[in-house]
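Here the structure is laid out as structure tokens; the discussion comes afterwards.
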Amino acid sequence: MVEILQLKPKENAFYKMARNVIRRKLDAIFVCEGRRDSEVLKGLISKIRIVESNLAVTDCEGKDAISEVTMYIATLASVSRTLKAVSIIIDADEYAPADRARSILNSLRSRISDVELIEIDRDIFEIRSQAFKVRIFAKVVGDFGLPYERHMIDDYVLRLLLLEELIEEEETRRYNSAKEFVNEFIESSSTTIKELILNAQPESVQNAFGNLIKYLKIVGIRARGS
Amino acid sequence: MVIVMIKSISVRNYRGIRSCELDDLKKANVFIGRNNSGKSSLLESLYLASAAFCFREELSKKVDNKVSYLLNRRCFRGHNWGNKEILWYGYDIEQPISIDVKLETRTDPLRIRLFSWHPHPLVKHKFGRGDYICLVEDDVPVYAASGARITSAPSEGQKFKREIDFFSNFKFVDGALVQEMDIIEKKLWKDLLKRRLDKLVVEVLREGYEVDAEDLTYTTYDEGKTYQLAVKLPWTTLRVDDLGDGARYAILLLMIAALSKNTALLIEEPENHQHPSGLAKTLDMFLTLVRQNNIQVFITTHSLEFLMLLRKISEEKKIDVEIYFFERDKQGRVYVRELTSENVDVLEDMGFDPRFLDLI
């Protein structure tokens, strides 16, 4: 089973690194907007087992995602020597995926002048610069088929709940966002995101998280191969 | 005023280092990394470089020269030049130990070579013009790419006086030195008192170590046979030897820094035996002295607390700090990554302890 090193809280990551639980060098670090993104990521990787690379995940919970992500990219790109990929997962919020990715790019330009954005898929991007010793990928998450103004990773979880027939579609209209709904569902059913994903039918997971899985494959392959 | 400072260093075949290059050195340079990654070897190689300018070991009572100090400082076994192979990478004495140092004041690097075929590191050799610069005072050969000569002759020696003084006064401050407090007191106390720098030490003892110190004194406890440093308290006078290890180390470090000027200090793991508040106070005073006395410092550490305190206090005192992460491959090549203070902050914010940088 693939285990991802959770970098926050740092005391736990320190313990694992000091006790040599992580023996190999890391191939990729995922930088997520919030804790929920990293929960989904870990659940998904455990379920689909498509990534064999040595991975770590961190998040920007409670802080401005764009500026935090920018700092993380700039730092990792300059100090890492063997890391192959930095992989960003950021909420679309009320923006189109390309606009959200461009906001990271614009923020990065204040630190690194020659950055450019390459669109790999409609919501998957690569950020390139001559200064980077590591490849930087970004995935803008959100299911625009859901009737909310703001889109985020919880959209996929909500979609999974619908596909698994754990909730009715009309229930979703009582909430302002997927996050509200998912929070309440998790609390009332005393479950976790990871359990939900692990217990779901593989087709439902594939349908709910299709583009995120594609992204993991891209990053996983890049992390292993190039 | 022209300030001598090391800008870069390249080391080959010394102790744990087959090769290592370090550029863009600052006023305060901190080396982090796993055990056996080459941090202490780099400190030692700087001390060896300084031996080319002044061979005499000033602070130790067990040995009288810097090479002997390096041969014995990790464990005193009475090693001498006959045991020289322990200074060589993999004990392979075929190639010379080479240390190239670039200074801010000179375009040419200084090249220091130690050959195993020297019957003694002080032996005097005649070298062809353009090969070596021989220091007349201490004859470990130092040469520059330009072929310029450094001699003690007034006209030419004067030209390099700053550089010679800078290297000559290097001090190696390590754990072994704390065991030699008596000789250090003897050598430094008079100068410390003359300039009333003892007051700085008293202040640190009071504020950092909760020692109710009123003053320092140098007194005898055996009817004048020997003298030793003691702290005057309101109700008695306490020998320095009877203080805790942390306080004794602080006294040692501050005495050395107070009396050093326009030179470099090589400091190994200053966090040992230190409570954070003692460490903070000592560091605060130490960095004040570093700034006042124009001292370049090279420090190894395993402590994140030390790193944090050093960065914060240096920022307040406007001292440039750079952190260097060391890692060594199986062939003995030491790779160094530079980390700015901001890099360390961001890595920590990310949950990534910078001491494990080798994982990425």
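Checking residue A:14 against (1) open to solvent by less than 70 Å² (accessible area, probe 1.4 Å); (2) under 23 Å from residue B:32 (Cα atoms), only one condition comes out false. Which one?
All conditions are met except number (1).
Here is a list: B:100, B:131, B:174. Which entry is modelled with pLDDT of 85 or more and over 30 Å from residue B:247 (Cβ atoms)?
From the options B:100, B:131, B:174, the qualifying one is B:100.
Given (1) in contact with a Leu (Cβ under 7 Å, 6 or more places away or on another chain); (2) open to solvent by less than 20 Å² (accessible area, probe 1.4 Å); (3) within 11 Å of chain B (Cβ to nearest Cβ), identify the lone condition not met by residue A:25.
(2)
Being open to solvent by less than 10 Å² (accessible area, probe 1.4 Å) and among the aromatic types (Phe, Trp, Tyr) narrows it down to one of A:144, A:137, so name that one.
A:137
Of the residues that sit in the stretch A:1-22 and are assigned to a loop (DSSP other than H, G, I, E, B) and farther than 23 Å from residue B:329 by Cα, which one is farthest from the other protein chains (Cβ to nearest Cβ)?
Residue satisfying both the conditions and the ranking: A:1.
If you take the residues of the stretch B:210-263 that are in a helix (DSSP H, G or I) and charged (D, E, K, R), which of them is surrounded by the most Cβ atoms within 10 Å (Cβ to Cβ)?
Step by step, filter the stretch B:210-263, then rank; the result is B:248.
Test each condition in (1) touching a residue at least 12 places away in the same chain (Cβ under 8 Å); (2) within 14 Å of chain B (Cβ to nearest Cβ) for residue A:167 and report the one that comes out false.
Unmet condition: (2).
Return yes when residue B:64 is touching a strand residue (DSSP E or B) at 6+ places or on another chain (Cβ under 8 Å), modelled with pLDDT of 85 or more and over 27 Å from residue B:7 (Cα atoms) and no when it is not.
In short, yes.
Check A:69, A:57, A:40 and return the single one that is within 14 Å of chain B (Cβ to nearest Cβ), crowded, with 23+ Cβ neighbours inside 10 Å and either part of a helix (DSSP H, G or I) or over 16 Å from the mean Cα position of the chain (by Cα) (or both).
A:69
When the residues of the stretch B:344-355 are filtered to those that are without any contact (Cβ under 8 Å) to a residue 60 or more places away in the chain and open to solvent by less than 20 Å² (accessible area, probe 1.4 Å), which remaining residue is farthest from the other protein chains (Cβ to nearest Cβ)?
B:344
Residue by residue, here is whether (1) of a type in the set (Asp, Glu); (2) modelled with pLDDT of 85 or more holds:
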{"residue": "B:84", "(1), (2)": "no, yes"}
{"residue": "B:94", "(1), (2)": "yes, yes"}
{"residue": "B:116", "(1), (2)": "no, no"}
{"residue": "B:155", "(1), (2)": "no, no"}
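May I ask you to list the residues in the stretch A:43-54 that are more than 14 Å from residue A:85 (Cβ to Cβ) and surrounded by fewer than 17 Cβ atoms within 10 Å (Cβ to Cβ)?
Listed by number, the residues that qualify are A:46, A:49, A:50.
Between residues in the stretch B:316-337 that are within 11 Å of chain A (Cβ to nearest Cβ) and residues that are of a type in the set (S, T, N, Q), which pairs lie under 6 Å by C-beta distance while being six or more apart or on different chains?
If the second residue must be of a type in the set (S, T, N, Q), the pairs left are B:327/B:37.
I'm checking my understanding of the structure. Among residues of the stretch A:1-11 that are in contact (Cβ under 8 Å) with a residue 12 or more places away in the chain and surrounded by 15 or more Cβ atoms within 10 Å (Cβ to Cβ), which one is farthest from residue B:358 (Cα to Cα)?
Checked the stretch A:1-11; the qualifying residue farthest from residue B:358 (Cα to Cα) is A:2.
The values are calculated or read from the model by the stated rules, or taken from the named source; none is laboratory data. Only a predicted model underlies this, so the values are computations on that prediction, with no experimental measurement involved. Virtual Cβ from ideal backbone geometry, glycine too; neighbours counted across all protein chains shown. When the accessible area is computed, the model is the full protein with side chains, heavy atoms only, and any ligands, DNA or RNA have been set aside. Shrake-Rupley method; radii C 1.70, N 1.55, O 1.52, S 1.80 Å.
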